[in-house]
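Visitor: If you scroll down you'll find the structure; I have some questions about it.
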Amino acid sequence: MQKTAIYPGSFDPVTNGHLDIVERGLKLFDKIIVAILTNPGKKFLFPLEERRAMLEESMKDFSNVEIDTFDGLTVDYASQRKAQGILRGLRALSDFEYEFQMALMNRHLYPPAETVFLTPKEEYTYLSSRLVREVVALGGDVTGLVPEAVRARLEARFRKLTHPPTR
Ligand code: ADP
């Protein structure tokens, strides 16, 4: 039987840590669906279509990866896509508490899907989308931490925010 996992997240924006997790996940699953959370109540730096474009661009060399969007419960989406796994990355102890609660709640809501935690390469264990956004906002260089196309978009976005067009 073909094994599918969904990899849910905000991906605001995608980082090399996310790519690392997908690459590892592909050793365990036949297919990975990267599922972007649309959550209208949450404020994102990049609009959904841009987060999706960055994911598509950075995952174009992976076969068996699909990029999709969802709202509502992760488990409802997993069930709808007939996924056996929910893939999550575990970086540090600080991730553990939240991820553990989430995994148990998801199991309670939908037992057929197993949450699978993978650990990225050491150099990505301190990396998060939030930190990347903060560093670029303050003029720092994130080369090597995000795909090049993402770095360019981040820099453009903050240039736009710091120098709004004048009329
Ligand atoms: P969320 O909004 O759920 O935090 P993210 O897009 O930031 O979404 O992350 C999605 C998943 O990827 C989460 O499981 C998160 O722990 C994992 N992740 C994020 N950054 C990294 C990284 N640098 N290394 C490993 N896993 C990561």
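Where a number appears in this text, it was derived from the coordinates with a stated rule and is not lab data. Note that the structure is a prediction, hence the values are computed from the model and not measured. Cβ sites come from the backbone with ideal geometry, for glycine too, and all protein chains shown count toward neighbours.
Visitor: Evaluate the distance, in nm, between pseudo-label points positioned 7 Å from the Cα of L48 and of E148 along their respective Cα→Cβ axes.
Guide: Placing both labels 7 Å beyond Cα along the Cβ direction yields 3.1 nm.
Visitor: Quick one, what does Rg over Rh come out to for the stretch 4-125 if you take C-alpha atoms and the Kirkwood Rh?
Guide: Dividing the radius of gyration by the Kirkwood radius yields 0.93.
Visitor: So how much slack lies between E66 and E114, counting 0.36 nm per residue of separation and subtracting their Cα-Cα distance, in nm?
Guide: 15.4 nm
Visitor: Something else about it: Go through K42/K121; K3/K42; K60/K160; K3/K60 and tell me which ones have a Cα-Cα distance over 25 Å in this structure.
Guide: Over 25 Å apart, Cα to Cα: K42/K121; K3/K42; K60/K160.
Visitor: If the cut-off is 19 Å between C-alpha atoms, which aspartates and glutamates fall inside it for K27, apart from same-chain ones fewer than 8 positions away?
Guide: By straight Cα distance, K27 reaches D61, E66, E114, E122.
Visitor: OK, next. Which distance in nm do the two modelled labels at R24 and E56 give, with both placed 7 Å along the Cα-to-Cβ direction?
Guide: If labels sit at R24 and E56, their model points lie 2.8 nm apart.
Visitor: List the chymotrypsin sites (Phe, Trp or Tyr not before Pro) in the stretch 98-167 that DSSP assigns to loop (not H, G, I, E or B) and whose Cβ has at most 16 other Cβ atoms within 10 Å. Which are they?
Guide: Y126
Visitor: On a 0 to 90 degree scale, rounded to 10, what angle separates helix 16-28 from the longest Cα axis of the chain?
Guide: Once rounded, the angle reads 20 degrees.
Visitor: Would you pull out the residues with amide H under 5 Å of L87's amide H, same chain only if 5 or more places away, H placed 1.01 Å from N?
Guide: I6, Y7, V116
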